[in-house]
């Protein structure tokens, strides 16, 4: 097993080089802020993701504030920390003038004991400096991002990050994590130029790091980082993207459609086992247009945020058993379902049945329903046993079910009309009777 701690510090090339040392190797990556590519793999279910959101006991969220460079603010922040017996980090990531910054801080707080630490110091001197700070020999450590990982100083609970707009989200979150490691209230000041002087992406990063300051918020920060930077080339070294232009969910949907298309066409022979005509789903998403009421009424769930969360949860339901659990949760929390909510849940069941029948769209209005089959007339669906069974069932009920062909700009479309429909459950039952169930003989 390969365990990669602080995964955000390892590039793709480095990790792949380590993995190549062994033919078969399991990889466990640990990080507070996964890089966009790793997070994307997890969201695609290509890798398992486990989130530890429970903070250690007696920890407080770090109070984060975005400020302009101000000698008064820096002096007051340092003095407050020193008066309560604490220590201070001051991050300045330019070795060329870090001594000048140390001199400025010394001028603001003459009595403070100040140390400087950066990567160009000799190893022994740097180690002595950091150990001295940890043991309380210094009040203020002026340092570069070298302190980002692994430095645990419970007594240091104020940090200033100079030119925070030049850092990535992962760096900012990791440096903020250097304080607040005890039961004392901690403060983090992100020193930035005016918004007008920052790039668009820098503004988004600063807004995100200020917004997500709760304990265990690293995963939310990583999600925003994924939106800002994009997942890049999942199989290459490029790191660029456009997720933020279209929204994360739309991006995921388009990506999944592209993968399914490759499976069905260019790499069809590799997925022969998955292409069983009677198991395969020819419709990825079913659209329902109706004049029936299908929603969660505000008198049933009167908090807007809660209703939106329920809609979001419902959209993630993929199986009848999950839908049953969702319905039971609603009953337990809010009481008996109103008719509109029952219809909403029934519409989910309707979509699953319609998908099995190769129906892409359902229009349910004025007591009738029109079902549009797969648009592609060359689709293999029309050669399956399922479609043959459906035709046979339609012929048995000519008074209620009628099959028609409609001419459109994109070519002819096959549609099925169903009469006397006054509720979603009734339509679901009718369509369910058209689903072909393959008989299996016992061996």
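Quick notes on this one:
- Set 398, 412, 338: member being out of contact with any helix residue (DSSP H, G or I) (no Cβ under 9 Å at 6 or more places or on another chain) and at pLDDT 90 or above: 338
- Yes/no for residue 429 being part of a helix (DSSP H, G or I) and in contact (Cβ under 8 Å) with a residue 12 or more places away in the chain: no
- Hits in segment 109-127 - residues which are part of a helix (DSSP H, G or I) and either on the phi > 0 side of the Ramachandran plot or surrounded by 15 or more Cβ atoms within 10 Å (Cβ to Cβ) (or both): 126
- When the helices (runs of 4 or more DSSP H) confined to segment 273-392 are screened for residues that are in contact with a strand residue (DSSP E or B) (Cβ under 7 Å, 6 or more places away or on another chain), those reaching at least 1 such residues are found at 339-356.
- Within segment 318-351, considering residues that are surrounded by fewer than 16 Cβ atoms within 10 Å (Cβ to Cβ) and more than 19 Å from residue 297 (Cα to Cα), the one nearest to the chain's Cα centre (by Cα): 318
- Subset tally (residues that are in a strand (DSSP E or B) and either touching a helix residue (DSSP H, G or I) at 6+ places or on another chain (Cβ under 9 Å) or not assigned by TED's automatic domain parsing to the domain that holds residue 353 (or both)) for segment 415-426: 2
- Taken over segment 28-38, the residue count meeting the criterion of being surrounded by 14 or more Cβ atoms within 10 Å (Cβ to Cβ) and either more than 19 Å from residue 6 (Cα to Cα) or at pLDDT 75 or above (or both) is 5.
- Search result, residues across segment 70-87 that are part of a loop (DSSP other than H, G, I, E, B) and touching a strand residue (DSSP E or B) at 6+ places or on another chain (Cβ under 9 Å): 70, 84, 86
- Against the criterion of being assigned to a helix (DSSP H, G or I) and touching a residue at least 24 places away in the same chain (Cβ under 8 Å), residue 153 does not qualify.
- Number of the condition not met by residue 374 [criteria: (1) under 20 Å from residue 426 (Cα atoms); (2) surrounded by 17 or more Cβ atoms within 10 Å (Cβ to Cβ); (3) in contact with a helix residue (DSSP H, G or I) (Cβ under 7 Å, 6 or more places away or on another chain)]: (1)
- Here the condition is being farther than 23 Å from residue 218 by Cβ and either touching a strand residue (DSSP E or B) at 6+ places or on another chain (Cβ under 9 Å) or outside the structural domain of residue 179 (by TED's automatic domain parsing) (or both); of 91, 62, 140, 146, it holds for 140 alone.
- Residue that is modelled with the highest pLDDT, among those in segment 51-69 that are touching a helix residue (DSSP H, G or I) at 6+ places or on another chain (Cβ under 9 Å) and in a loop (DSSP other than H, G, I, E, B): 62
- Residue within segment 366-374 that is under 33 Å from the mean Cα position of the chain (by Cα), over 25 Å from residue 399 (Cβ atoms) and at pLDDT below 90 present: yes
- Condition check for residue 431: closer than 30 Å to residue 328 by Cβ and within 34 Å of the chain's Cα centre (by Cα): no
The values are calculated or read from the model by the stated rules, or taken from the named source; none is laboratory data. Note that this is a predicted model, so its numbers are computed, not measured. Cβ sites come from the backbone with ideal geometry, for glycine too, and all protein chains shown count toward neighbours.
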